[in-house]
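Written below as structure tokens is the structure these notes are about.
The values are calculated or read from the model by the stated rules, or taken from the named source; none is laboratory data. Computed from a prediction, not measured in an experiment: that's the story for all the values here. Note that we place each Cβ from the backbone using ideal geometry, even for glycine, and neighbour counts take in every protein chain shown. These accessible areas exclude ligands, DNA and RNA; they are computed on the full protein's heavy atoms, side chains included. Shrake-Rupley method; radii C 1.70, N 1.55, O 1.52, S 1.80 Å.
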Amino acid sequence: MSLKDETQVAAAVPERLDVVVIGAGFGGLYAAYRFREMGLKILGIEAGSDVGGVWYWNRYPGARVDLPSIDYSYSFSPEIEQEWTWSEYFAAQPELLEYFRFVADRLDLRKHFRFNTRVTTAVWDEARKLWTVKTDRGDTFVATYCVMATGPLSIPKDPEVPGIDRFSGQLLRAAKWPHEPVSFAGKRVGVIGVGSTGIQIVQEVGKDVGELFVFQRTPSFTMPMRNAKLEADYVAEVKRNYAGIREAARNSAVGGVRPQSTRAFFSVTPTQRRQLLEDAWKNGGLAMLGTFSDLMTNPEANEHVAEFVRGKIAEVVDDPVTAEKLKPRGYPIFARRPCLDSSYYETYNRPNVHLVDCFADPIEEINEKGVRTRSGEIELEVLIFATGYDGLTGALLACEVVGRDGRKVNYKWKDGARSYLGLMMEGFPNLFMTTGPNGPAALANIVRISEHDVDWIAALMTHMDENGLASVEPRKEAEDGWMDLVHVLSQRTLLSKAKTWYVGANVKDKPLGLTLFTGGFHKYREYCAAAAQDNYHAFSFERSRKPVEGHYPAAMEQSAVIPL
Ligand code: NAP
């Protein structure tokens with residue numbers, strides 16, 4: 001073999017890593033840091049050109065977090081907590097992206113990531129106890145562990161209407177927003193979708209537009225955000241007390257410091273109830289959700305609160321016909337993600353803003369000129385899709401993930417997503433998810449969950465290293481038990497009573513079911529900690545043999561499942 005041939009063969013052998021981390025959002029960025037600090041050889045792969053996850057992609061006008069910035073930030077580094085200062089109570093997307101960049105620079109994390117790269121397949125090699133990960137750029141990597149830090153909302157969804165490709169105007173997707181500024185001044189603009197994203201877009205674009213047409217199918221409940229600049233004194237106080245704030249967040253159901261009352265709705269008089277709701281409305285944010293203890297379990301209490309918000313819509317919106325169309329009915333308030341706005345309902349008082357009720361007048365097609373509904377054609381120069389995501393499961397299903405014995409994730413999840421703790425799956429050794437399905441993903445602070453999940457994974461990797469273990473997966477009984485618990489708990493809440501991405505209702509042919517742990521973040525942490533006790537009793541391990549020289553460890557044919 002010539003020297004040149006030898007070089008080519010060497011180059012063709014994929015680099016052996018300890019961990020491949022997929023995604024550079026909150027979970028992926030922290031995972032890269034945490035695993036690097038453990039001395040592991042890591043590689044991050046990210047489809048975007050920079051860090052930031054959803055905040056990299058969602059650059060649409062008005063994009064803003066609906067949890068307090070103080071809560072919605074990393075807790076693992078006291079230095080970063082002190083060095084970074086949030087400017088607003090609810091930070092806007094540019095500041096959130098700046099925060100990600102600050103963290104990446106401060107910890108020198110970018111060098112671990114391969115950007116502009118999408119994973120296409122991840123295949124478990126049982127003989128070598130390794131994941132082989134391939135990308136759309138033709139790379140192949142092999143790693144002991146594969147960590148899917150792909151987030152619950154990373155695969156956007158177009159509306160299921162014909163003719164999208166025919167539109168001759170400017171088509172914009174909220175979740176793939178251009179990096180250059182977009183001007184709407186004087187233009188005829190359409191927005192399809194009125195979830196959290198659509199509401200933020202409508203109130204912002206509505207300020208400076210020729211004509212705005214909002215295509216609404218199911219109206220959302222939205223409440224005042226009441227955002228404010230953070231005063232220096234407040235920030236200083238927070239910085240002094242970060243440790244306590246984080247501790248309180250970790251021990252709460254929502255992973256944040258939001259007050260949660262233990263008072264049941266009907267335990268107080270109608271006058272007191274009204275006053276408490278008025279106060280919550282005035283205070284803004286998600287205060288209303290925490291005003292009573294039983295809003296997600298008592299349909300009657302829930303309906304009272306829904307009616308209160310409907311009353312507010314009628315107070316704000318001048319035209320009674322429009323107000324009526326904007327009032328959500330037929331599902332419990334908070335069963336869809338509660339939205340926060342600053343002037344959403346007020347936007348409909350502008351003479352150039354028009355609400356199209358897509359239940360009464362459904363979209364039939366998109367064509368060259370705009371949107372054709374049953375009643376006629378609406379010509380548009382710009383059309384914006386705010387039509388949501390293939391939530392929770394979309395990212396794993398978008399690439400081919402093949403586990404032990406050739407089992408594919410899409411087959412495992414054909415009747416609905418299954419996992420143990422939202423972190424691992426039986427049949428998929430050494431594959432981890434952060435904020436995965438059947439964890440608390442959409443129901444608690446994603447930053448707290450991400451940090452928790454990465455720490456939990458890191459502890460398991462340490463355990464394996466210390467005990468000479470080559471692979472780990474949850475036992476089938478453990479996963480079945482967890483799924484039973486997730487199911488039983490989900491029956492106790494009103495969360496599954498609305499057609500949302502929480503239950504998979506927004507994606508055609510997706511199995512229906514609430515694949516979220518509804519017991520609260522604090523309880524979730526307890527279950528994860530318990531699973532790690534007694535040498536990770538809920539898991540099966542295979543022990544590695546002493547590695548031989550070369551690119552790969554020893555063949556594993558003699559390894560056996562050992563109950564620990
Ligand atoms: P979403 O809540 O799933 O809303 C999608 C919207 O598109 C719905 O109104 C849906 O109507 C509509 N839609 C889909 N197809 C349609 C069609 N053919 N015709 C008319 N309407 C159609 O998605 P999202 O607004 O992107 O929000 C997703 C999640 O992202 C939120 O729940 C939240 O967790 C997160 N988020 C958070 C923030 C924040 O922090 N402030 C901001 C944005 C998003 P139907 O309901 O009738 O299907």
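Being away from the ligand (no atom under 16 Å from the Cβ), among the β-branched types (Val, Ile, Thr) and in contact with a Cys (Cβ under 9 Å, 6 or more places away or on another chain), is that true of even one residue in the stretch 133-150?
Initial filter on the stretch 133-150 (away from the ligand (no atom under 16 Å from the Cβ)): 133-149.
Checking which are among the β-branched types (Val, Ile, Thr) leaves us with 133, 135, 140, 142, 144, 147.
Remaining after also requiring in contact with a Cys (Cβ under 9 Å, 6 or more places away or on another chain): 133.
There is at least one residue in the stretch 133-150 that is away from the ligand (no atom under 16 Å from the Cβ), among the β-branched types (Val, Ile, Thr) and in contact with a Cys (Cβ under 9 Å, 6 or more places away or on another chain).
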*asked:* Looking only at the stretch 170-180, how many residues end up being farther than 16 Å from VAL54 by Cβ and either buried (at least 18 other Cβ atoms within 10 Å of the Cβ) or of a type in the set (Val, Ile, Thr) (or both)?
replied: 1
*So, of the residues in the stretch 254-278 that are open to solvent by 50 Å² or more (accessible area, probe 1.4 Å) and in contact with a Pro (Cβ under 9 Å, 6 or more places away or on another chain), which turns out to be modelled with the lowest pLDDT?*
ARG258
*Matching residues, the stretch 129-161, being outside any strand (DSSP E or B), closer than 23 Å to LYS41 by Cα and either small (Gly, Ala, Ser) or modelled with pLDDT under 95 (or both)*: GLY138, ASP139, ALA149, GLY151
*Cβ-Cβ below 6 Å, separation at least six or inter-chain, first residue in the stretch 487-511 and without any contact (Cβ under 8 Å) to a residue 12 or more places away in the chain, second in a loop (DSSP other than H, G, I, E, B) and within 12 Å of the ligand (Cβ to nearest atom): which pairs?*
ALA505/LYS499
*asked:* Looking only at helices (runs of 4 or more DSSP H) that lie completely in the stretch 289-406, which have at least 3 residues being more than 16 Å from the ligand (Cβ to nearest atom)?
replied: 299-316, 320-326, 394-398
*In the set GLY53, GLY62, which member is within 16 Å of the ligand (Cβ to nearest atom), under 19 Å from MET225 (Cα atoms) and open to solvent by 10 Å² or more (accessible area, probe 1.4 Å)?*
GLY62
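For the stretch 495-516, how many residues meet the condition of being of a type outside the set (Gly, Ala, Ser), within 16 Å of the ligand (Cβ to nearest atom) and open to solvent by less than 60 Å² (accessible area, probe 1.4 Å)? Break it down stepwise before answering.
In the first step, residues of the stretch 495-516 are kept if they are of a type outside the set (Gly, Ala, Ser); the result is 495, 497, 499-503, 506-512, 514-516.
Keeping just the survivors that are within 16 Å of the ligand (Cβ to nearest atom) gives 495, 497, 499-503, 506-510, 512, 514-516.
Pick out the ones that are also open to solvent by less than 60 Å² (accessible area, probe 1.4 Å) and you get 495, 500-503, 506-507, 510, 514-516.
Summing the residues that are of a type outside the set (Gly, Ala, Ser), within 16 Å of the ligand (Cβ to nearest atom) and open to solvent by less than 60 Å² (accessible area, probe 1.4 Å) in the stretch 495-516 gives 11.
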*One residue from GLY481, GLY422, GLY439, GLY468 being open to solvent by less than 10 Å² (accessible area, probe 1.4 Å), small (Gly, Ala, Ser) and out of contact with any Phe, Trp or Tyr (no Cβ under 6 Å at 6 or more places or on another chain)*: GLY422
*Determine if the stretch 313-332 includes at least one residue that is of a type in the set (S, T, N, Q) and more than 24 Å from ASP158 (Cα to Cα).*
yes
